[in-house]
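S.K.: Mind having a look at this structure? Questions to follow.
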Amino acid sequence: MTLPDVVSREQWQAARVALLVREKELTRARDALNADRRRLPMVEITKDYELSGPDGPLSLLDAFDGHRQLMVGHFMFDPAWERGCGSCTAGADEYSDGLAAHLHARDTHLVHVSRAPIEKIEKYKAEKGWSFPWYSSHGSDFNYDFHVTLDPAVAPVEYNYRSPAESGFTIPEGESMEVPGLSCFLRDGDRVFHTYSQYARGAESTGGSYYFLDLTALGRQEDWEEPKGRAKHGAVPDFS
């Protein structure tokens with residue numbers, strides 16, 4: 001691996017200031033993109049998806065666990081596999097109780113859903129020592145409808161909002177493919193709405209709780225005032 005050039009402090013400062021200009025441009029562009037994401041329209045979920053958990057069947061509404069927003073990590077785990085996807089496993093290893101607590105503080109719940117039977121999921125989950133909610137969509141249309149199981153024999157194939165002809169990928173006849181993704185849902189009473197899904201490299205670029213919240217319809221939810229004498233929650237001086 002090639003190391004960076006060695007320069008004087010003055011040269012480093014000039015290069016860093018030039019990079020800072022680009023970083024600020026990216027930050028402003030990301031803020032604008034997040035605002036546009038919050039303004040996306042949403043689609044009501046009218047199909048009754050039945051998921052399976054360690055305590056038995058549950059609906060998509062049940063998966064909210066009383067929260068207003070639900071984020072579903074589409075964990076790649078084919079029913080024929082004995083172990084989950086290695087890349088999904090690496091990402092799941094980084095989830096923590098602290099992340100869950102920060103999301104819950106914004107009334108947002110994060111779960112995983114895979115097509116493998118719940119027995120395989122529970123076995124793998126115990127092996128990895130994970131405690132986050134992980135449900136099975138085995139036997140339902142959930143994975144197919146949200147385009148994370150691609151099987152032309154079951155449903156028209158689409159991934160990252162493109163057809164095979166548009167993206168150039170193909171699935172051999174008689175085969176199916178598990179692919180990564182993350183979907184966001186919003187609850188209004190007992191009505192559930194799909195607000196957002198991301199796939200491919202976007203689904204792998206996960207970070208802290210703010211990153212996850214930026215994918216949701218309600219965002220970071222910081223437009224509220226602290227008691228007098230205290231700074232607004234999350235406020236950072238804008239030195240741009």
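S.K.: Looking at (1) assigned to a strand (DSSP E or B); (2) of a type outside the set (Asp, Glu); (3) more than 25 Å from residue 216 (Cα to Cα); (4) touching a helix residue (DSSP H, G or I) at 6+ places or on another chain (Cβ under 9 Å), which is the one condition that is false for residue 73?
M.R.: Exception for residue 73: condition (3).
S.K.: I'm told residue 96 meets every condition in (1) surrounded by fewer than 20 Cβ atoms within 10 Å (Cβ to Cβ); (2) under 15 Å from the mean Cα position of the chain (by Cα); (3) of a type outside the set (A, V, I, L, M); (4) under 22 Å from residue 177 (Cα atoms) except one. Can you identify the failing condition by its number?
M.R.: Single failed check for residue 96: (4).
S.K.: Under the condition of being free of Cβ contacts under 8 Å to residues at least 40 places away in the same chain and under 17 Å from residue 181 (Cα atoms), which residue from the stretch 116-146 is surrounded by the fewest Cβ atoms within 10 Å (Cβ to Cβ)?
M.R.: 144
S.K.: So in the stretch 147-162, with the set limited to residues that are more than 9 Å from residue 177 (Cβ to Cβ) and within 22 Å of the chain's Cα centre (by Cα), which one is surrounded by the most Cβ atoms within 10 Å (Cβ to Cβ)?
M.R.: 148
S.K.: Next question. Given 114, 52, which one is touching a His at 6+ places or on another chain (Cβ under 7 Å), more than 18 Å from residue 218 (Cα to Cα) and either among the polar types (S, T, N, Q) or not assigned by TED's automatic domain parsing to the domain that holds residue 197 (or both)?
M.R.: 52
S.K.: Continuing with the same structure: Looking only at the stretch 132-147, how many residues end up being assigned to a loop (DSSP other than H, G, I, E, B), farther than 16 Å from residue 81 by Cα and in contact with a helix residue (DSSP H, G or I) (Cβ under 9 Å, 6 or more places away or on another chain)?
M.R.: Residues flagged as assigned to a loop (DSSP other than H, G, I, E, B), farther than 16 Å from residue 81 by Cα and in contact with a helix residue (DSSP H, G or I) (Cβ under 9 Å, 6 or more places away or on another chain) within the stretch 132-147 amount to 2.
The values are calculated or read from the model by the stated rules, or taken from the named source; none is laboratory data. This one's a predicted model, so the numbers in the text were calculated from it and none came from an experiment. Using ideal geometry, Cβ is built from the backbone for each residue, glycine included, and neighbour counts are taken over all protein chains shown.
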